[in-house]
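A.B. asks: Below is a structure I'd like to ask you about.
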Amino acid sequence: MEGHEGAGTHNSATGGHIHGSLLQAAFISIGTLKCERRARPRPRQVPLPNSWFVKRQEELRELEKLCAETDVRVSASLAVVSGLSGVGKSQLVWHWAALQSCFTDGQLYIDLADVRRDGGVDVAAVLEMWLRALGQDKSEIGSLPGERAAAFRTVTAGLRLLVVIDNAQQAAEVRPLIPAGGVVVITSRRPIPGLTMDGARSVPVGPLTAEASVELFRGCLDAERGGHPALAELADLCAGLPLALRAVGTRLLERPQQNVPDLLAELRDEERRLDILDGEPDGEGVTMSAALDSAYDGLPEHSRAALRMLGVFPGVTFTPELLEHAGLSGMDGALAGLLTGQLAVRAGAFAAGSESAQARYRLHDLVRLHARRRAAGEVDSGERQRLLGEFVDFYVDRTAAADRAVLHRRYRISGLSPRAHFADSATALDWLHAERANILDVLSAAHEAGLHDPVWRICESLWAFDHTTKYFDDWIASHRLGIESAQWEGRTAAESRLRNQLARAYMETGDHDRAEEELGRAAELLGFVDEPVLSGVIWETEGLLRLARKQPGEAVELFTAAREANERAEDAHGVIVQSYRLGQALLQAGRAQEAETLLTEALAGAVRTSDDPMRSRIGIVQGQVQRALGNVEEAARQTVNAAHWAAWLRQRAKLKQALTSLGELAGDVADQDLAAGWRRRIAELRQDLDAVDAVDDEVDVVDEDGADGRDGAGAADTGGEPGGGQR
């Protein structure tokens with residue numbers, strides 16, 4: 001396995017490490033080389049790699065180009081191998097160096113960490129060591145750094161020499177060590193732009209793949225444990241860092257009684273993972289925590305502040321906007337330090353191509369755990385509480401703004417008036433998708449910390465997202481927290497509203513009994529609140545449950561009551577929604593003509609009030625009504641129009657439903673030419689569905705107007721897409 005990066009000089013004869021002076025290390029292996037002036041030693045200094053090395057073919061190919069593309073006797077060829085502490089940079093370079101035969105004039109090696117004091121490197125001492133290794137008498141070596149650098153270039157002119165410099169931090173400490181000819185390979189935790197501008201090749205080294213990580217384990221374990229299927233997850237918890245993988249492999253080797261599942265269970269505990277990965281220090285006393293401490297200590301202060309702040313953040317991915325909201329100053333510089341140190345990586349962007357697109361980042365998994373440890377030790381409890389409050393406040397504000405962007409004027413218990421953070425519905429939904437895991441983590445942390453008021457507010461704001469994406473486990477888990485928090489706060493109306501939303505989740509998963517139970521509890525609370533629209537919301541869900549149970553007559557009564565409640569509250573959007581619901585119930589009850597009249601009025605209201613999300617919903621049901629009345633061409637016209645609105649608004653489930661209805665209508669047409677034309681139209685509209693899927697490809701949205709996907713005449717729309725359904 002790959003281990004520590006250059007913590008000591010390796011003895012090529014014994015496989016051990018020499019802990020004498022740097023001068024002694026310069027003469028590990030001495031050969032002789034004839035030159036014009038005198039016989040000159042041929043040093044061999046680059047440590048040998050350990051035996052557990054997974055060949056990184058891509059990186060090795062990049063290093064091979066150093067010899068192939070340049071006449072190393074004329075000028076030096078440079079490469080900077082960069083990556084996170086513990087990722088195996090030095091082992092990669094040592095492995096490559098051990099395979100080379102072209103460096104006939106020898107090798108020179110230095111770990112700059114050994115000669116760095118108070119942030120500075122004693123370059124003169126390194127040059128003296130190297131010049132003496134190359135055969136120069138002490139009397140021939142000048143005392144000034146510039147003199148020694150010039151002498152080094154003179155001596156190395158025309159040589160096929162390999163120079164390896166480990167743990168460099170900046171170009172200035174490397175440039176004096178560059179010979180006149182040969183190949184120079186530098187390892188660093190971050191790219192060194194100055195050397196790149198000098199022509200150095202960049203060779204980034206990332207964590208090992210899951211396959212390579214498992215290969216490391218299998219190379220050292222017995223057949224039983226080496227073939228265990230849980231090795232993949234074990235490797236994943238090591239986050240692809242060879243130093244961590246080596247610690248786990250060593251633990252398994254030293255404890256024959258330790259089985260893979262038991263160790264896996266221990267590593268799943270994030271509070272203990274770093275301690276386990278530290279294991280027993282190796283020959284250089286290097287542990288995973290020590291490597292991460294070193295990386296942390298090498299950061300500028302504003303980057304360390306960002307890491308401590310992220311150590312308090314309950315989520316995984318983050319945006320600059322989040323940290324700025326929590327009070328981080330110098331965001332650009334702080335983020336640059338994390339990225340160049342490869343402690344953080346880009347994790348995608350939401351709303352790609354839009355004006356509001358914003359990059360998203362994540363810490364390396366083990367860096368995140370290390371940041372939590374540093375925050376626990378360096379951030380006092382008062383500041384941690386303040387930061388958590390700021391993070392929670394951020395999500396209260398943004399989820400409410402997203403809800404407003406998607407659902408516009410919908411009824412809300414929360415009295416918040418969010419700022420317009422999102423340009424449109426699509427941008428808001430993109431943000432909610434990207435923040436999905438973070439939101440649940442923040443809800444859990446806030447609930448545990450007793451911040452109950454924001455918990456129920458965030459849950460109320462998740463309605464559009466929950467019904468769009470159908471992540472039922474998240475939906476149910478978040479609302480259980482929200483309901484309990486509403487109870488803690490004594491917010492009866494909020495509890496009733498969230499129980500209603502939870503009932504919709506159970507209804508969509510087919511658990512009608514639980515849905516009925518939650519609705520009953522929500523209805524019981526209505527007697528304690530003065531919220532007439534809330535009554536309509538609950539009656540609407542009860543009506544949908546009756547439709548799902550094929551009881552359209554009862555559904556008509558409930559939707560009628562809900563519509564009247566919204567009329568009394570002068571809620572225009574609510575009236576449109578309940579008219580749409582009532583139209584569905586009338587259609588299922590066989591009263592298509594009444595449904596046509598009602599839906600025509602509802603669509604006129606949606607157009608008049610710019611209630612665009614309702615246009616696709618109403619249009620689809622209008623098409624179903626016209627089909628029931630035998631007006632196939634009018635049914636197709638209404639459904640095509642609804643499909644256009646669904647595509648425009650990124651209502652995936654509605655677009656899918658419209659296409660299904662159009663396909664059935666094409667089958668009703670006797671005229672084959674006309675049917676063929678309709679199918680071509682369906683194919684064109686399907687491209688819109690593919691475009692929506694390209695953005696939301698991870699979301700498998702249930703057809704919310706009926707699991708069987710038929711024309712919907714006998715199925716309930718459970719409200720899936722934003723803008724319709726429960727308000």
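A.B. asks: Among 204-216, 509-521, how do they line up by average Cβ neighbours within 10 Å per residue, starting with the highest?
C.D. replies: Working: 204-216: 18.9, 509-521: 16.2.
Answer by packing, highest mean first, reads 204-216, 509-521.
A.B. asks: I would also like to ask the following. Report the label-to-label distance for residue 270 and residue 154 in nanometres (one decimal), using points 7 Å from each Cα along the Cα→Cβ vector.
C.D. replies: So the label points at residue 270 and residue 154 sit 6.0 nm apart.
A.B. asks: Right, here's the next one. Could you calculate the FRET efficiency of residue 449 with residue 209 from 1/(1 + (r/R0)^6), where r is the beta carbon distance between them and R0 is 60 Å, rounded to 0.05? List each step's numbers first, then the result.
C.D. replies: On the way: r = 38 Å, r/R0 = 0.63.
Between residue 449 and residue 209 the formula returns 0.95.
A.B. asks: Moving to a separate point now. Could you give me the ³J(HN,Hα) list for the range 569-575, computed from phi with Karplus coefficients 6.51, -1.76, 1.60 and θ = phi - 60°, whole Hz, x at Gly and Pro?
C.D. replies: 7, 6, 9, 5, 4, x, 4
A.B. asks: Please list, in chain and number order, the residues 5+ apart from residue 202 or on another chain whose amide H is under 5 Å from its amide H, with Hs placed from the backbone.
C.D. replies: Here the answer is 80, since their amide H atoms fall under 5 Å of that of residue 202.
A.B. asks: Given H placed on each backbone N at 1.01 Å, which residues far from residue 183 in sequence or on other chains put an amide H within less than 5 Å of it?
C.D. replies: 77, 161, 162, 163
A.B. asks: Determine, from the Cβ-Cβ distance of residue 393 and residue 373 and an R0 of 30 Å, the FRET efficiency 1/(1 + (r/R0)^6), rounded to the nearest 0.05.
C.D. replies: Details: r = 25 Å, r/R0 = 0.84.
Efficiency computed from Cβ-Cβ geometry: 0.75.
A.B. asks: While we're looking at this one, here's another question. Kindly rank 398-405, 292-299 from highest to lowest mean number of other beta carbons found within 10 Å of each residue. Walk me through the intermediate numbers first.
C.D. replies: On the way: 398-405: 24.1, 292-299: 17.8.
For the peptides 398-405, 292-299, the packing ranking is 398-405, 292-299.
A.B. asks: Assuming R0 = 35 Å, can you tell me the calculated FRET efficiency for the pair residue 380 and residue 202, based on Cβ-Cβ distance, to the nearest 0.05?
C.D. replies: Details: r = 41 Å, r/R0 = 1.16.
Efficiency computed from Cβ-Cβ geometry: 0.30.
A.B. asks: Provide the descending list of Cα extents for the range 299-379 along its principal axes, expressed in whole angstroms.
C.D. replies: 41, 24, 23
A.B. asks: Taking square-rooted eigenvalues a ≥ b ≥ c of the alpha carbon gyration tensor, is the range 409-465 rounded, prolate or oblate, where a/c under 1.5 means rounded and, failing that, a/b exceeding b/c means prolate? Can you show the working numbers first?
C.D. replies: Details: a/c = 2.33, a/b = 1.32, b/c = 1.77.
Note, shape of the range 409-465 comes out oblate.
A.B. asks: Here's another thing I want to ask about it. Given the range 380-447 reduced to its alpha-carbon atoms as identical point scatterers, what log10 I(q)/I(0) does the Debye formula return at q = 0.14, 0.19, 0.25, 0.27 Å⁻¹?
C.D. replies: -0.47, -0.79, -1.13, -1.21
A.B. asks: Another question, then. When the convex hull of the C-alpha atoms of the range 210-290 is computed, what volume per residue in Å³ does it have? Don't skip to the answer; put the middle values down first.
C.D. replies: Values: hull volume 6.8 nm³, N = 81.
So the per-residue hull volume is 84 Å³.
A.B. asks: Let me check against my output: what whole-number percent is the relative contact order of the range 299-379, with C-alpha pairs under 8 Å and at least 6 apart? The partial results should precede the final answer.
C.D. replies: Details: 100 pairs, mean separation 32.9, N = 81.
Once divided by the residue count of the range 299-379, the mean separation gives 41 percent.
A.B. asks: If you take the C-alpha gyration tensor of the range 424-526, multiply each eigenvalue by 5 and take the square root, what semi-axes do you get, largest first, in whole Å? Before the final figure, lay out the partial values.
C.D. replies: Details: eigenvalues 87, 64, 26 Å².
Values for the range 424-526, descending: 21, 18, 11 Å.
A.B. asks: Could you tell me whether the range 162-219 comes out rounded, prolate or oblate from its Cα gyration tensor? Rule is a ≥ b ≥ c as square roots of the eigenvalues, rounded for a/c under 1.5, then prolate if a/b exceeds b/c, otherwise oblate. Could the numbers behind the result be given before it?
C.D. replies: Values: a/c = 2.97, a/b = 2.25, b/c = 1.32.
Here the range 162-219 falls in the prolate category.
A.B. asks: Tell me, what is the percent relative contact order of the range 210-290, built from C-alpha pairs under 8 Å that lie six or more residues apart?
C.D. replies: Details: 77 pairs, mean separation 22.6, N = 81.
With pairs under 8 Å counted, the relative contact order is 28 percent.
A.B. asks: Tell me, Kirkwood radius of the range 128-246 from alpha-carbon pair distances, in Å?
C.D. replies: 17.6 Å
Computed from the coordinates by the stated procedures, all read-outs in this text should not be read as laboratory data. Predicted model, so just to flag it, every value in this text is computed and none were measured. FYI the Cβ positions are ideal-geometry reconstructions off the backbone, even for glycines, and counts take in every protein chain you see.
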